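The values are calculated or read from the model by the stated rules, or taken from the named source; none is laboratory data. All of these numbers come straight from a predicted model, not from anything done at the bench. With ideal geometry, Cβ positions are generated from the backbone for all residues, glycine too; neighbour counts draw on all protein chains shown.
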């Protein structure tokens, strides 16, 4: 086709030759793509970017839910948050739950994905099967697992007692409660992530495995030298998204017991739960905003660390 | 080296060896593979089945060390107690959840397809950088802007309304990226040009050509948006009141008493999960292929 209207006019014609109607048509033709993509940008500006930036402004002010802006206070809110023992406990808990959920989840997702990446009978059945937990809402997962992990005669403690293991105090000991909450996250997301990794594994040409077999590589060697390098970009993607999501965990710790305060001793208080409690239980928006920005920094730092780590690990696999 | 220098017996041996290598490379699963996946499946189902056992029992079931593997006869009774609990507003929550999830899914599909169409098929200045910008926003934890977002909603008098939940979710970066990817390979340039030659306006060619062609990807996007919307908790929990909740917010109220009967709580939890379980049975295949297609890109 020679008279493609999609291509911009090569020779700029003198303006006088265009009628106003033509000029309008020309303008609307040029403007149309921007109109089509504008909803995202407008919405992101109003409900995404602006609130995030304005959080910094609020964090420098005394600001209560009812009274509103109570004046500039500099870094007082930050000082008060950093001086609060609960903040550091919440930071520790968030990191601990994040590690307990992301590391085992990634390992299991890799194992499940490589089990699925074979000539299985009933592929669709198995793939759907591992995805089932994904459609259970985190709130529902938290209510169910909160009971499975009950301290006295909970189903998991009952099960452990069969092997003579004494009851674990899932709602008392910090580490045990972190394990329980991480289990909820893993329950919902492991299958989902294994499908993501499976897709990446299937994009690896089968000849590579054949060549590896001819070179005498066993299963484990194939996995380390062919599979891992082959799915590297996807692996990094999964690690980064689970970092951003994992550090903001809220639903599960909020509903882990009936009080929603993160435990009597803040055993499973996470940073987002801490933010919520300051903002909507104590109505201190200035301090809540300071927490939000500190959490933002934590996420940025860990996102970058993970990016570097996962890059290094997966390149070492290729050597 | 030519094949003629080998005897037929040698060639046959080579072929057998090659077939064996291929078989290993194709990796047929043994019982270990099936056993492992079976265990994974069991662990995926067991928590749900256990909560059904508890929900069909009585108030002691959740703590019963000798809980029967067969459901008791009280599920309906417990589900009705949960649904009719006046503090929970179950029917209102169900209506709100349907309203929010349907509206958000429709809107995300429409705006994402529109933007995807522009990015995939229309030429304009800054197209590349703008698309990169959109993809980069995925990594921005916008959830941390809740305080100003709440102030904004208060300003407009939207606290405790469904607009407050719907409007921030009308379009998202993932949707735009997803539709751009799909349309750039599924929609041939020639069709759009032909439509333009025939005098179709830009919006007309979007509506009558791009939208129908986008249907497979749009269906998947709608499914994922629906699930995300239906299970969303943090923001609705902040901005909605117990009198006007969505289902997850209502569920969170089930155990907010000092004396909690967990057979009722879990019955309510299961009832609220049923719509998505139905969706999973009907469209689980598409969810699986959606995740797998999204991963490669």
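Against the conditions (1) more than 10 Å from chain B (Cβ to nearest Cβ); (2) surrounded by fewer than 23 Cβ atoms within 10 Å (Cβ to Cβ), residue A:270 satisfies every one except (2).
The set of residues from region B:253-274 being at the interface with chain A (Cβ under 9 Å from one of its Cβ atoms) and at pLDDT 90 or above comprises B:265, B:266, B:268, B:269, B:270, B:272, B:273. Residue B:264 passes every criterion in (1) within 27 Å of residue B:163 (Cα to Cα); (2) buried (at least 23 other Cβ atoms within 10 Å of the Cβ); (3) more than 19 Å from the chain's Cα centre (by Cα) apart from (1). Among the residues making up region A:154-178, those that are assigned to a loop (DSSP other than H, G, I, E, B) and buried (at least 18 other Cβ atoms within 10 Å of the Cβ) are A:154, A:168, A:170, A:171.
In summary, residue A:113 fulfils each of the numbered conditions (1) in contact with a helix residue (DSSP H, G or I) (Cβ under 6 Å, 6 or more places away or on another chain); (2) in a strand (DSSP E or B); (3) within 13 Å of chain B (Cβ to nearest Cβ) with the single exception of condition (2).
When you check residue A:269 against the structure, is it modelled with pLDDT of 95 or more, over 13 Å from the mean Cα position of the chain (by Cα), more than 30 Å from residue A:212 (Cβ to Cβ) and in a loop (DSSP other than H, G, I, E, B), yes or no? So residue A:269 passes the test.
Across region A:233-264, what is the number of residues that are touching a residue at least 60 places away in the same chain (Cβ under 8 Å) and either in contact with a strand residue (DSSP E or B) (Cβ under 6 Å, 6 or more places away or on another chain) or farther than 22 Å from residue B:253 by Cα (or both)? Residues flagged as touching a residue at least 60 places away in the same chain (Cβ under 8 Å) and either in contact with a strand residue (DSSP E or B) (Cβ under 6 Å, 6 or more places away or on another chain) or farther than 22 Å from residue B:253 by Cα (or both) within region A:233-264 amount to 9. Quick check: is even one residue across region A:213-232 touching a residue at least 60 places away in the same chain (Cβ under 8 Å), part of a helix (DSSP H, G or I) and facing another protein chain (nearest Cβ under 9 Å)? No, because not a single residue in region A:213-232 is touching a residue at least 60 places away in the same chain (Cβ under 8 Å), part of a helix (DSSP H, G or I) and facing another protein chain (nearest Cβ under 9 Å). Under the condition of being within 18 Å of residue A:101 (Cβ to Cβ) and not in a helix (DSSP H, G or I), the residues counted in region A:233-266 number 8. Looking at residue B:99, is it in contact (Cβ under 8 Å) with a residue 24 or more places away in the chain and more than 12 Å from every other protein chain (Cβ to nearest Cβ)? In short, yes. For region B:35-56, the tally of residues that are buried (at least 20 other Cβ atoms within 10 Å of the Cβ), part of a helix (DSSP H, G or I) and more than 9 Å from chain A (Cβ to nearest Cβ) stands at 2. Test residue A:245 against the stated conditions and say whether it is within 10 Å of chain B (Cβ to nearest Cβ) and either modelled with pLDDT of 85 or more or surrounded by fewer than 24 Cβ atoms within 10 Å (Cβ to Cβ) (or both). Against the criterion (within 10 Å of chain B (Cβ to nearest Cβ) and either modelled with pLDDT of 85 or more or surrounded by fewer than 24 Cβ atoms within 10 Å (Cβ to Cβ) (or both)), residue A:245 qualifies. Just one of the numbered conditions (1) assigned to a helix (DSSP H, G or I); (2) surrounded by fewer than 21 Cβ atoms within 10 Å (Cβ to Cβ); (3) at pLDDT 90 or above is not true of residue B:289: (3).
Scanning region A:179-196 finds no residues that are surrounded by fewer than 24 Cβ atoms within 10 Å (Cβ to Cβ), more than 7 Å from every other protein chain (Cβ to nearest Cβ) and under 20 Å from residue B:30 (Cα atoms).
Picking from residues in region B:152-165 that are within 11 Å of chain A (Cβ to nearest Cβ) and crowded, with 18+ Cβ neighbours inside 10 Å, the one that is nearest to residue B:118 (Cα to Cα) is B:164. With respect to the stated conditions, residue A:120 fails to be within 23 Å of the chain's Cα centre (by Cα), closer than 30 Å to residue A:200 by Cβ and either in contact (Cβ under 8 Å) with a residue 12 or more places away in the chain or within 13 Å of another protein chain (Cβ to nearest Cβ) (or both).
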